[in-house]
1. Based on what the data block shows, is LYS87 surrounded by fewer than 10 Cβ atoms within 10 Å (Cβ to Cβ), of a type in the set (D, E, K, R) and without any contact (Cβ under 8 Å) to a residue 40 or more places away in the chain?
2. So which helices (runs of 4 or more DSSP H) are wholly in the range 1-73 and hold at least 3 residues that are more than 26 Å from SER112 (Cα to Cα)?
3. Any idea which of GLY107, GLY51, GLY130 is touching a residue at least 40 places away in the same chain (Cβ under 8 Å) and either touching a Leu at 6+ places or on another chain (Cβ under 7 Å) or among the aromatic types (Phe, Trp, Tyr) (or both)?
4. For SER80, state whether it is among the hydroxyl-bearing types (Ser, Thr, Tyr), part of a loop (DSSP other than H, G, I, E, B), open to solvent by 50 Å² or more (accessible area, probe 1.4 Å) and under 24 Å from PRO14 (Cβ atoms).
5. If you take the residues in the range 95-143 that are in a loop (DSSP other than H, G, I, E, B) and among the acidic types (Asp, Glu), which one is farthest from GLY3 (Cα to Cα)?
6. Restricting attention to the range 1-39, and to residues there that are in contact with a Phe, Trp or Tyr (Cβ under 7 Å, 6 or more places away or on another chain) and of a type in the set (A, V, I, L, M, F, W, C), which single residue is most open to solvent (accessible area, probe 1.4 Å)?
7. Regarding GLU42, is this residue exposed (fewer than 13 other Cβ atoms within 10 Å of the Cβ) and farther than 29 Å from ALA137 by Cα?
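The values are calculated or read from the model by the stated rules, or taken from the named source; none is laboratory data. A quick note: this is a predicted structure, and the numbers were derived from the prediction, not measured. Every residue, glycine among them, receives a Cβ derived from its backbone with ideal geometry; neighbour counts consider all protein chains shown. Protein only, heavy atoms only, side chains kept; ligands, DNA and RNA dropped before computing areas. Shrake-Rupley method; radii C 1.70, N 1.55, O 1.52, S 1.80 Å.
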Amino acid sequence: PGGPADQWDALSTPAKLQILGVIGFLEMWSETSVVLKADGQEHYVRGGKPGYFPKLSRSDEMAFPHPVPLNLWDPFGFTSKMTPERKEKALLAEVNNGRLAMIGIFGMISASKGLQVPGLDTVGIKPYAGEVMAPFAAGDASLPFVSGM
């Protein structure tokens, strides 16, 4: 019972660390210039494509020791026969969908904290008593610095 924030609070500390570790790795991978250059790309602040994610399945010097069969963007190769213009349009749609999802998530979080959100006021979102912006709670006090939060 409860919303996503309550479900996050119900996770064990190792599960939270595993999720944050994977997200941290994916962020690090997508920001690494060497990996982007191996894909023939640049970082988006240096003129590269916004939303581009480097390949995970690779056979070059940046390959992982364990084979990774799928990529995050288009894991089954559905866009391989698209024209570059169509690919660009699909990538832009994907980025915009992600932005819209973030707006929706923050709307739901705001509504769960009792704020008035047009369109969500009558949905009946369960109130959340915890601290949304604190990923760790009293149950995670075994981690360094958490007890001082």
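1. No.
2. Correct list: 13-31, 33-38.
3. Result of the check over GLY107, GLY51, GLY130: GLY51.
4. Judged against the criteria, SER80 is not a match.
5. For the range 95-143, the residue satisfying everything is ASP121.
6. So the residue we want is ALA5.
7. Considered against the rule, which asks whether it is exposed (fewer than 13 other Cβ atoms within 10 Å of the Cβ) and farther than 29 Å from ALA137 by Cα, GLU42 comes out as no.
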